[in-house]
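Step one of this worksheet: look at the structure below.
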Amino acid sequence: MGLLEGKNALIFGLANERSIAWGITQAFKREGANLGISYAGEALERRVKPLAEQVECKWVEECDVSKDEYIAATVGKAAKHFGKIDILVHSIAFAGREELNKPYYQTTREGFKTAMDISVFSFVALVNAFLPILNPGASIMCLTYGSGAVKVAPHYNVMGVAKAALESSTRYLAYDLGPQKMRVNAISAGPIRTLAAAGVGGFRDMYKHFADMSPLRENVTIEDVGNLAVFLASDLSKRITGEVVYVDSGFNIMGVQMAGKEEGKE
């Protein structure tokens, strides 16, 4: 019997088979969850629908999280199909490519507002809208990148600032929902070759550096993130809330970063 047997799980932000959301979806399926998938925009439909079929997901809905009426309509459809929801996953982030290709101080007002709206406020808006149909003890989670939120990741710019706001939102939501025994956590994954990562300048170099410098000397996969999401979604973590949980081969613990010695050699 799977860890999530009988639980209804909604995953927002699936884009393609490289998405972190896809790693989470597959892991949830393996552990017995009833799945619902939401994606952003018609352009992604042809990629997402076949993936949904792979995991026998019957609820696949487009949702523009920048509009409250879209979110409200999505909640209505979810309530009709599932009744109540036990797990809510927010895997959504966006910043204009031009905002990531110049110094942070050149961020435009519009670019800043867009990054905050899609990457941060949408999490708050989804939680608020879904609250009436969330079961007591529900697990809510979002995806962050702590190395860019609490430290500087070159070229990450306004996205790093948005992730800092997302992590803070996670804590405030955890405080608000604690009395209802609902948990809110953030997963901070190491760099993964996703569609979103392609927009970050110098990502290829960062990806290699990460594998060279992390204590475990290896990159992480969407499967690694999926396994952590299962833990946070399951009753195994029912006393954990308001946390940013890292799955990054230990990279975040490093202060001074020096190339590791080859194993067996001094």
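The values are calculated or read from the model by the stated rules, or taken from the named source; none is laboratory data. These figures come from a predicted structure and were not determined experimentally. Positions of Cβ are backbone-derived with ideal geometry, glycine not excepted, and every protein chain shown enters the neighbour counts.
Which one is nearest to residue 170 (Cα to Cα), of the residues in the range 70-98 that are in contact with a Phe, Trp or Tyr (Cβ under 8 Å, 6 or more places away or on another chain) and in a helix (DSSP H, G or I)?
First pass over the range 70-98, keeping only residues in contact with a Phe, Trp or Tyr (Cβ under 8 Å, 6 or more places away or on another chain): 75, 77-78, 81-82, 85, 87-92.
Restricting the remaining residues to those that are in a helix (DSSP H, G or I) gives 75, 77-78, 81-82.
On the way: 75: 21, 77: 25, 78: 23, 81: 27, 82: 25 Å.
Selected residue: 75.
Can you name the residue in the range 48-92 that is out of contact with any Gly (no Cβ under 8 Å at 6 or more places or on another chain), small (Gly, Ala, Ser) and in contact (Cβ under 8 Å) with a residue 12 or more places away in the chain and is also farthest from residue 140 (Cα to Cα) among such residues?
52
I need the full set of residues from the range 178-187 which are assigned to a helix (DSSP H, G or I) and either loosely packed, with under 13 Cβ neighbours inside 10 Å or free of Cβ contacts under 8 Å to residues at least 60 places away in the same chain (or both), in order please. Show your work before the answer.
So the first thing to find is which residues in the range 178-187 are assigned to a helix (DSSP H, G or I), and the list is 178-180.
Within the range 178-187, 179, 180 meet the criteria.
Condition first: under 19 Å from the mean Cα position of the chain (by Cα) and among the β-branched types (Val, Ile, Thr). Now tell me which residues in the range 100-128 satisfy that. First the steps, then the outcome.
If we filter the range 100-128 for residues that are under 19 Å from the mean Cα position of the chain (by Cα), which is where we start, we get 114-128.
Answer for the range 100-128, where residues must be under 19 Å from the mean Cα position of the chain (by Cα) and among the β-branched types (Val, Ile, Thr): 114, 118, 120, 124, 127.
Could you look through the range 52-69, keep only residues that are out of contact with any Phe, Trp or Tyr (no Cβ under 9 Å at 6 or more places or on another chain) and within 28 Å of residue 234 (Cβ to Cβ), and pick out the one that is surrounded by the most Cβ atoms within 10 Å (Cβ to Cβ)? Give the steps one after another, and end with the answer.
At the first step, the residues of the range 52-69 found to be out of contact with any Phe, Trp or Tyr (no Cβ under 9 Å at 6 or more places or on another chain) are 53-54, 56-58, 67-69.
Now narrow it down to the ones that are within 28 Å of residue 234 (Cβ to Cβ): 53-54, 56-58.
Numbers: 53: 11, 54: 12, 56: 9, 57: 22, 58: 11.
The selected residue is 57.
Working carefully through the options 147, 119, find the one that is under 26 Å from residue 25 (Cβ atoms), part of a helix (DSSP H, G or I) and either at pLDDT below 90 or among the charged types (D, E, K, R) (or both). Before the answer, list the steps.
Details: 119 fails: either at pLDDT below 90 or among the charged types (D, E, K, R) (or both).
Testing whether each residue is under 26 Å from residue 25 (Cβ atoms), part of a helix (DSSP H, G or I) and either at pLDDT below 90 or among the charged types (D, E, K, R) (or both) leaves just 147.
For the range 3-51: of the residues being assigned to a loop (DSSP other than H, G, I, E, B) and modelled with pLDDT under 95, which is surrounded by the fewest Cβ atoms within 10 Å (Cβ to Cβ)?
Per the criteria, the residue is 41.
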